[in-house]
Each structure stands twice: as structure tokens, then as C-alpha cells.
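Colleague: Before we start, here is the structure in question, set down as C-alpha cells.
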Amino acid sequence: MTTALYLPEENIDMIAATSVLQQQAADIRTRTINWASYMQSQMISEEDYKAISTLDKSRGTYLAQNSSQVVKTLLNLVSHLSKDSTIQYILVLLDDLLQEDRSRVDLFHETAGKLKQCIWGPFLNLLNRQDGFIVNMSSRILAKFACWGHETMPKSDLNFYLQFLKDQLATNGLAYLQEMAQLAKRTQTIIVHSHGQHGKDKDHHGHQYSPNLAQLQQQLHLANESYREVGGSSSDQQQEGKCVIPNNEYIQSVARCLQMMLRVDEYRFAFVGVDGISTLIRILSTRVNFQVQYQLIFCLWVLTFNPLLAAKMNKFSVIPILADILSDCAKEKVTRIILAVFRNLIEKPEDSSVAKDHCIAMVQCKVLKQLSILEQRRFDDEDITADVEYLSEKLQNSVQDLSSFDEYATEVRSGRLEWSPVHKSAKFWRENAQRLNEKNYELLRILVHLLETSKDAIILSVACFDIGEYVRHYPRGKHVLEQLGGKQIVMQHLGHEDPNVRYEALLAVQKLMVHNWEYLGKQLEKDNENQKQGAAPIAGKA
């Protein structure tokens, strides 16, 4: 029995009338397939010919009276025919049958079982086709078979299907970024070109114009006209005056399949097993349009209904990414779904310390500030108001209970280091330097990793400083850092292009090399005094 998550209907099971997939489906329904020619060429049996021909004319009545034959015929046709236009027609017909009555999913499962036919194989095979419509309609049907009936998808097929969805999202996300980059390059080139016209091209009123720029504007207009979000309006296509570039035409259909799948608890861990959460986060960290944002955050939301997954979620940096989106988004439904994720991250974990860590992470990511802004707005959706009140109370309480080390640990784990007061507190380092050894040097390892991977000058500067303070206040710190490979990484930053990074790296290396801390302390005090008396100061850590 499928353990489904019963949530308020989010219209995820319907394709919007203006989506690419549905536009194509509408055209395909008008086709007339010459089934007689298939029978005459012995590509289909007479039995299947009679069934599909009758189904074309009166499918509801015929299906009710001949369910076994209909299932058998549709599976035969999908399995053995190859012409794209015919397969498209069969898939639309089958999808319509399921959409009209969800109980038909169980009918297909039961009948296929009696006939000893595999219901998954034919559609999984179609995922390898070149035709985008066939691939995505097959994916949509698979999701319905997997989620709307009593039978779950077998494990091997499930892993293949979820990997397919994940790869489709990743490919579409990359395509979107490339599309944006190409458009930005073209726009820049055309604007430069138009500025160089100097009156060469003028209309009949004598006004200068650029044909290329006009063409680009027309292309952008057509792109917006061809792209409509689910449940959206034409006015939604502009985000604060910025043109929305359509993603790969099927990305919303792929995301919708995943929204359906992740409502079922058995499928969630399989999705995590194919590294699905990381893919969602990578795409959300790019500037995708708000509809795709909503769909992918919906996927995160349904995942957080599982207590174990809710407890692990922020290991994927879910909170920082969603906090950034919350601060930028203007769409109420995106705000609503982010708040719902945050609430689940506090409510669902069974370990109270995990919920506390999530609260601290939200505070660290400035969520309280966003909540205070939202409190000033009036929402028609009562859930938003309730979630804002709940989160505000929980985060305020966590601030009161927050120790300086809790704050520091959360900041390091977030990877977003800044010159907050805790870093420069000598008292903090005297009391807490040794705590960087906890959990197998977790925080120290993160600092070293940030030095290896970050391109941000402030993060690099703070990480160097913290490593220096750790070595300074923990007697075995130099040995531990060498074991972790941190010493060499710090030294590499001595030649960094940013003067602040060079300065902090130099100080850290000095602390690694010097054993007489009292002498070093006096030297640093002397250096600071010289700076105050007119020596050239190091650039500020803005």
C-alpha cells in the first residue's frame, strides 16, 4: 500500500492549459490515426485494432465494459509501435484516461498483473526517446502510476526514474543559465552597436533606431508570450520590471512529476539516495523564475514531512538558500512555501537540539528581519500569517537562549563568515578555542574547506583569522592544523590579490610559527599603536 502524503491540492496534478505540454497535447488529440493500415501491415493484431478503434470513439463506455482488453491493447501499442506521432497520440489518450478517473490507475495495475505484463517497462523505455513530448508525457504517466494507486514502483525502476528526473532538472537548470548568459551577451553587443549608429538608421520622422535592438525586444516579447506559469497571468511574466526568460520548455513538467513522487514517503529516501536534494539546491541557488522556484521548494517541503529528512535537511544548506530567496521574492506563493519549509524544519525533527540548530541557522541568515517585514504586510492566506507568528516566536526564543559559541558554530556551518563581534572577542577564543575540536574537528574542517573553496575575500579573511586564533589559544592547535592540511592552505593565501586576505593570512602564519604568544601580543599592540600614529593602515574589512 502506498503511504501517500495527503496535502492541500496545489494544482500539481493538472497541466495548465497554456503549458507547452498541454498545448502540444491539444494538437495531438485532433489527429486521426489510420489504425487499419497498421493492422493490414500486421504491425498490430486485429484484436488490438478493434479495441483502439472503438476506444477512439467511445472510450468511457468501452473501457468500463472491456477494461482488460483496453489495458492489454494500450500496453501492446506503446511497446511495439515506433512512429513518434502515433506514440504521442497513445500517450495523450492514456493520460486522459487516468486524468478523468484516478481509480483507473489501480485498474491498469490489476489488469496488467493478471495478464502478467509489466506496467513500468514500456514507459521507462520511452524515457530514452529523442522526442521531448514523448519523454515528458511518459514521465507524467509513470508518476501517476506510481502515486495514484495502491502499488508502488519497484526499487530498481524507482531509482532509474528518480535519477532521470534529477538529471532532467540538472540539464534544464544548466540550459537556463546558458540561455541567460547568451542573452546577456547579445544584449550587450546590440546595445553597443546601437550606440554606434550615430544617426545612420532613422525612421521616416528622422528618429534614430536600431533594427537589431528592435528585433531583440520582439524576441523577448515573444519569449514572454510563449511562457506562462501554472496558474499565472500575463502580468506575472515581469518580475520588478525584469524580463523572465523561459527555461527549457519542459522543466515545469519535470518538476511537477517530482512534486507528485515526493508526496509518497517510500519514494523520498530513494530521491535522497540519488543525491536529489543537492540538485534542487543547486538549481534554487541560480536565478530561475518564480514558478520553478515554487515547484522545487514544494519538493523540499514535502520532504520535510519525514522527521529523519527534516533533521538532515540543513546539511544541504537549505536554510541559507531559502533565506536568500525569501528576502528577494515578490510572489506570495513562494513566500508561503518557504515559511512552510521553515516551520517543518522546526516542528518535525524529533531531536529538540536539531530544531534549536535550525532556529539558530535561521537567525544567522537574517530570517527574523524578513519576518518582521512580513508582519507589516496583510495576507489573504491565513497560513502565512500563522507561520510568520510561529516562526517569529521560535526564533526570538532561540536568540535569548543563544550562547556566543552557538552563534559562532552556526555561522561557520552556514559558510557565510563575516566580521561579527564574536570573531574579535579575545574572551571568546580563550573560552572556546578548544571546542573547535568537537565532533572530530567539525568546525575546524569547515574553516579549512572554506579556505580551499571560497572566492569571497571576507570569508577568506575571517577564516584565516579564526584559524590563527585557534592555534594561538589551543596548545596542540598547530599540530592538529598540520594534520588537516590547513597550514599549507593558509600559506597559499599569502599571495592573494586582496590585501585584507594577505594580511590575515600573514597574521595566521605568524601565529603558526611563533611560540612566544606574549611577545607576539606585544608586537601586535605596537603595530596597532604605530598605525594610530600615522602609519599606513590596512584596508578596512568592508
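The values are calculated or read from the model by the stated rules, or taken from the named source; none is laboratory data. The shown structure was predicted, so the numbers you read here are calculated from the model rather than taken from an experiment. All Cβ positions, even for glycine, are placed from backbone atoms using ideal geometry, and neighbour counts span all protein chains on display. Remember, those area values only see protein heavy atoms, side chains included, never the ligands or the DNA or RNA. Shrake-Rupley method; radii C 1.70, N 1.55, O 1.52, S 1.80 Å.
Colleague: Determine the gain in length on full extension of the stretch Ala36-Ser353; use 0.36 nm per residue of separation and subtract their C-alpha separation, reporting nm with one decimal.
Modeller: Length difference between fully extended and current span is 107.3 nm.
Colleague: Expressed in nm to one decimal, what extension gain is obtained for the pair Asn437 and Phe379 from 0.36 nm per residue of sequence separation less their Cα-Cα distance?
Modeller: Additional length available on full extension: 16.2 nm.
Colleague: If packing is taken as the mean number of other Cβ atoms within 10 Å per residue, what is the order of 271-278, 424-431, highest first?
Modeller: Final packing ranking: 271-278, 424-431.
Colleague: For the pair Lys427 and Thr171, what calculated FRET efficiency results from E = 1/(1 + (r/R0)^6), where r is the Cβ-Cβ distance and R0 = 51 Å, to the nearest 0.05?
Modeller: Rounded to the nearest 0.05, the efficiency is 0.50.
Colleague: I would also like to ask the following. Just to be sure I understand the model, the point goes 7 Å from the Cα along the line to the Cβ. What's the resulting Asn159 to Gln23 distance in nm?
Modeller: Each label point is offset 7 Å from its Cα along the Cβ direction, giving 3.9 nm.
Colleague: Right, something else. Would you mind checking Lys369/Lys394; Lys144/Lys312; Lys50/Lys72; Lys155/Lys333 for any pair whose Cα atoms are more than 24 angstrom apart?
Modeller: Going by Cα-Cα distance, Lys144/Lys312; Lys155/Lys333 fall outside the 24 Å limit.
Colleague: For Val264, which sequence-distant residues (separation of 5 or more, or a different chain) have an amide H within less than 5 Å of its own amide H, given hydrogens modelled in the peptide plane?
Modeller: The answer is Leu5.
Colleague: Gln65 to Ser392: extension gain in nm, 0.36 nm per residue of separation minus the Cα-Cα distance?
Modeller: Stretched fully, the Gln65-Ser392 segment lengthens by 111.9 nm.
Colleague: Ok, one more. How large is log10 of I(q)/I(0) for segment 42-86 at q = 0.20, 0.21 Å⁻¹ when the intensity is taken from the Debye formula with one equal scatterer per alpha-carbon?
Modeller: For segment 42-86, the Cα-only Debye profile gives -0.61, -0.67.
Colleague: Beta carbons within 10 angstrom, averaged per residue: use that to sort the peptides 81-87, 105-111, 142-148, highest first.
Modeller: Peptide ranking by packing, descending: 142-148, 105-111, 81-87.
Colleague: With every protein chain present, what accessible area does Ser461 have (1.4 Å probe, heavy atoms only), rounded to the nearest 10 Å²?
Modeller: Ser461 has an accessible surface of roughly 0 Å² with all protein chains in place.
Colleague: Roughly how far apart, in whole Å, are the Cα centres of segment 85-150 and segment 253-325?
Modeller: Answer, in whole Å: 25.
Colleague: Could you sort 493-501, 162-170 so that the peptide with the highest average Cβ count within 10 Å comes first and the rest follow in order?
Modeller: Most protected by this proxy first, the peptides run 162-170, 493-501.
Colleague: So, with +1 on the Cβ of K and R and -1 on the Cβ of D and E, and no other charges, what is the size of the charge dipole of segment 332-373 about its Cα centre, to the nearest 20 debye?
Modeller: Charge dipole, segment 332-373, about its Cα centre: 240 debye, nearest 20.
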